[in-house]
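This report refers to the structure that appears directly beneath it.
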Amino acid sequence: MSHPQDLGLREQARAVADGSLGAGELLDATLERIAERDGELNSTPVVFADEARAMLAGAPPGPLHAVPLTLKDMFTTPWRGAHSGTARELLPPGASGVFSRLRDAGAVIVGVAQQHELGMGTTGRASVWGPVRNPHDPARCAGGSSGGSGAAVAAHLVAGSIGSDSGGSTRIPAAYCGVVGLKTTWGSVPRGGYTGGVSTFSAAGAFGRDAADARLLSEVLAARPMPPGDGAQLRCGIVRSPFWEDVDPQVEARCRDAIAAAGWEVVELELELVELSGPAAASRLAPELLAGLDLSILPQLDPATRALTQFALLTPAVRMVRADRVRAHLRRQTARAFERADILAWPASPAPPPLVDSPVVELPSGTSLADPPNLRQATLANLTGVPGISVPVGEAAALPVGLQLLAPWGAEARLLDAAEHLESRL
C-alpha cells in the first residue's frame with residue numbers, strides 16, 4: 001500500500017472506511033509528514049496534534065471520517081482564533097461555520113494553513129510566519145492568499161485543505177502549486193467565524209489533488225450534493241480581451257492546448273467594461289476586508305501590506321460608488337455570457353510563479369509586480385459571485401500552469417465535471 005499521505009482524499013476516506021488504513025495511523029502519518037517536510041515550505045506553521053487527536057476520538061461517521069485537513073488562518077476553531085497571517089487574533093476562538101461542516105463530516109483539522117497577511121496579496125510571501133514556498137521550487141512563491149493550502153496539498157502533507165477566495169486567493173495558489181482549487185459561489189458556505197465574512201467578494205475554497213477530491217470537499221462545505229455529469233458536451237466561452245492578452249507565451253499555449261484537447265465547442269465572447277474589473281475590485285475589496293480593523297496593528301505588518309492597508313483606508317466614497325456601478329454592469333454582462341456559453345475559460349495566472357525574493361513576472365508587455373495581472377485574471381468571479389476553478393494543464397518553465405473556468409451561480413458541479421473531463425484528456 002502507498003504511504004498514507006500519497007493517497008488522495010477519496011482514497012484516504014475509503015481506506016479508513018474499509019479498515020485497510022487505521023484512523024490513528026493516518027493521523028500519525030500526517031503529523032509525521034508535516035514535521036519531516038514542511039520546514040522549508042512553511043505551509044502549516046501551527047500544528048494541532050493534541051486537538052486533532054481529540055477530534056479523531058469524537059469524529060462522527062461521514063464522508064470525510066478521520067481524514068486530516070488544514071484550515072486557512074481566516075477561519076476560527078474552538079481552540080484558536082483567526083489571525084489572517086498576522087501576529088494578532090482578529091476573531092476569537094469558536095466553531096466557525098466551515099469548521100462545523102468539516103467536523104460534522106468526520107474530518108480532523110491538523111493545522112493552520114499559511115496565508116498572505118490579511119489576505120492582501122497573491123504571492124503568499126508576506127506573513128507573520130514568513131513566506132510560504134512552492135513545493136515545485138522552494139525559491140518560488142506558492143501564491144496567495146491561500147498559499148499554505150495549495151502548498152500542503154501539492155507536497156502531500158495533507159490530501160485536502162480549505163482556503164478562501166476574495167480575489168483569486170484559491171485559484172492562484174492552485175495554479176502556482178499544480179493542484180485543483182475551487183472557489184465556491186458567494187454565500188453558499190456559512191460565513192460565521194471567518195475574517196472574510198464581512199466581504200461581498202470572499203468565499204470559501206476547496207483544494208484537492210484532482211477534481212474528484214475537490215468535489216468531495218466542496219460538497220461538504222456547501223452541504224449539498226454535486227453529482228457528476230458529462231463534462232465533454234460543454235460550450236466554452238473565450239473572452240480574448242483582456243484575459244488572453246499580455247500572457248506568458250508558454251502559459252497561453254498550455255491553456256489553449258488544454259481547451260483544444262477537451263473538444264469543447266468554443267464560443268467567442270466580449271464582456272463590455274470587463275477591463276475595469278480589476279480597478280473596481282481594488283476599490284471595493286480591500287476596504288471591505290479591512291472593515292473594523294484595529295489600526296494599532298499597522299506597525300506590526302509587512303511594509304507592503306501596511307502601505308496597501310493605509311491606501312485602502314483612504315479610498316474615497318465616490319470611488320466605491322463607481323465600483324459598484326461597474327460591478328452591477330459586469331454581473332449583467334456575465335449573466336448574458338452564460339446564455340451563450342456553459343463555462344468561461346482563461347489562464348488562472350498569466351505567468352509562472354515568481355521568485356519569493358523578487359515577486360515580479362515577465363509578460364509580453366514587460367516586467368510587472370505579480371499582483372496586478374493576477375487580479376486582472378481573477379476578480380471577475382469575485383465581483384459577480386460566480387464559482388471558479390483552477391485546473392492543472394501542464395507546465396511553463398518547469399512550473400505548473402492552471403486553466404481557470406467559471407460557471408453560473410451555484411454551478412460548481414458543472415465546473416468539476418469540466419475539470420474531470422480535462423484531466424481525462426491531458
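Here are the numbers for the structure shown:
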| quantity | calculated |
| --- | --- |
| Subset of region 1-25 (residues that are part of a helix (DSSP H, G or I) and either farther than 27 Å from TYR176 by Cβ or of a type in the set (D, E, K, R) (or both)) | ASP6, ARG10, GLU11, ARG14, ALA15, VAL16, ALA17, ASP18, ALA23, GLY24, GLU25 |
| Matching option when the condition is surrounded by 21 or more Cβ atoms within 10 Å (Cβ to Cβ) and out of contact with any strand residue (DSSP E or B) (no Cβ under 7 Å at 6 or more places or on another chain), among LEU330, LEU298, LEU314 | LEU330 |
| From the options ALA87, ALA154, ALA139, residue that is closer than 28 Å to ALA17 by Cα and either touching a residue at least 40 places away in the same chain (Cβ under 8 Å) or surrounded by 23 or more Cβ atoms within 10 Å (Cβ to Cβ) (or both) | ALA154 |
| Residue check, ALA378 of a type in the set (Gly, Ala, Ser), open to solvent by less than 10 Å² (accessible area, probe 1.4 Å) and assigned to a helix (DSSP H, G or I) | yes |
| Number of the condition not met by PRO364 [criteria: (1) surrounded by 14 or more Cβ atoms within 10 Å (Cβ to Cβ); (2) touching a helix residue (DSSP H, G or I) at 6+ places or on another chain (Cβ under 9 Å); (3) not polar (S, T, N, Q)] | (1) |
| Residue list for region 26-54, filter: closer than 20 Å to ASP213 by Cβ and open to solvent by 40 Å² or more (accessible area, probe 1.4 Å) | ARG37 |
| Among (1) among the aliphatic types (A, V, I, L, M); (2) touching a Phe, Trp or Tyr at 6+ places or on another chain (Cβ under 9 Å); (3) surrounded by fewer than 17 Cβ atoms within 10 Å (Cβ to Cβ) - the single one LEU285 does not satisfy | (3) |
| Residue within region 184-195 that is open to solvent by 10 Å² or more (accessible area, probe 1.4 Å), in contact with a helix residue (DSSP H, G or I) (Cβ under 9 Å, 6 or more places away or on another chain), under 16 Å from GLN115 (Cα atoms) and in contact (Cβ under 8 Å) with a residue 12 or more places away in the chain present | yes |
| Set PRO78, PRO92: member being touching a Pro at 6+ places or on another chain (Cβ under 7 Å) and of a type outside the set (D, E, K, R) | PRO78 |
| Matching entry among GLY168, GLY181 (being under 27 Å from SER424 (Cβ atoms), within 13 Å of the chain's Cα centre (by Cα) and not in a loop (DSSP other than H, G, I, E, B)) | GLY181 |
| Tally, over region 346-373, of residues that are among the hydrophobic types (A, V, I, L, M, F, W, C) and either without any contact (Cβ under 8 Å) to a residue 12 or more places away in the chain or in a loop (DSSP other than H, G, I, E, B) (or both) | 6 |
| Subset of region 229-264 (residues that are in contact with an Asp or Glu (Cβ under 6 Å, 6 or more places away or on another chain) and in a loop (DSSP other than H, G, I, E, B)) | GLY229, GLY231, LEU234 |
| Any chance GLN333 is in a helix (DSSP H, G or I), free of Cβ contacts under 8 Å to residues at least 24 places away in the same chain and polar (S, T, N, Q) | no |
| Out of ALA57, ALA107, sole residue that is at pLDDT 95 or above and open to solvent by less than 10 Å² (accessible area, probe 1.4 Å) | ALA107 |
| Hey, SER96 closer than 26 Å to GLY62 by Cβ and surrounded by fewer than 19 Cβ atoms within 10 Å (Cβ to Cβ) or not | no |
| Options THR86, THR30, THR44, THR70: the member that is in a helix (DSSP H, G or I), hydroxyl-bearing (Ser, Thr, Tyr) and either within 23 Å of SER164 (Cα to Cα) or touching a helix residue (DSSP H, G or I) at 6+ places or on another chain (Cβ under 7 Å) (or both) | THR30 |
| Condition check for VAL386: under 16 Å from the mean Cα position of the chain (by Cα), open to solvent by less than 10 Å² (accessible area, probe 1.4 Å) and touching a residue at least 12 places away in the same chain (Cβ under 8 Å) | yes |
| Any pair with Cβ under 9 angstrom, 6 or more apart, that starts in region 213-228 at a residue that is among the polar types (S, T, N, Q) and ends at one that is surrounded by fewer than 24 Cβ atoms within 10 Å (Cβ to Cβ) and assigned to a helix (DSSP H, G or I) | SER218/ALA413 |
| Complete set of residues in region 203-215 that are surrounded by fewer than 24 Cβ atoms within 10 Å (Cβ to Cβ) and among the hydrophobic types (A, V, I, L, M, F, W, C) | ALA212 |
| Failed item in (1) modelled with pLDDT of 95 or more; (2) touching a helix residue (DSSP H, G or I) at 6+ places or on another chain (Cβ under 6 Å); (3) surrounded by 18 or more Cβ atoms within 10 Å (Cβ to Cβ), with VAL251 passing the rest | (2) |
| Residue match in region 296-307 (condition: touching a residue at least 40 places away in the same chain (Cβ under 8 Å) and part of a loop (DSSP other than H, G, I, E, B)) | yes |
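The values are calculated or read from the model by the stated rules, or taken from the named source; none is laboratory data. Computed from a prediction, not measured in an experiment: that's the story for all the values here. Please note: Cβ atoms are built from the backbone with ideal geometry, for glycine as well, and neighbour counts cover all protein chains shown. Each accessible area value is taken on the protein alone, full model and side chains, heavy atoms only, with ligands, DNA and RNA left out. Shrake-Rupley method; radii C 1.70, N 1.55, O 1.52, S 1.80 Å.
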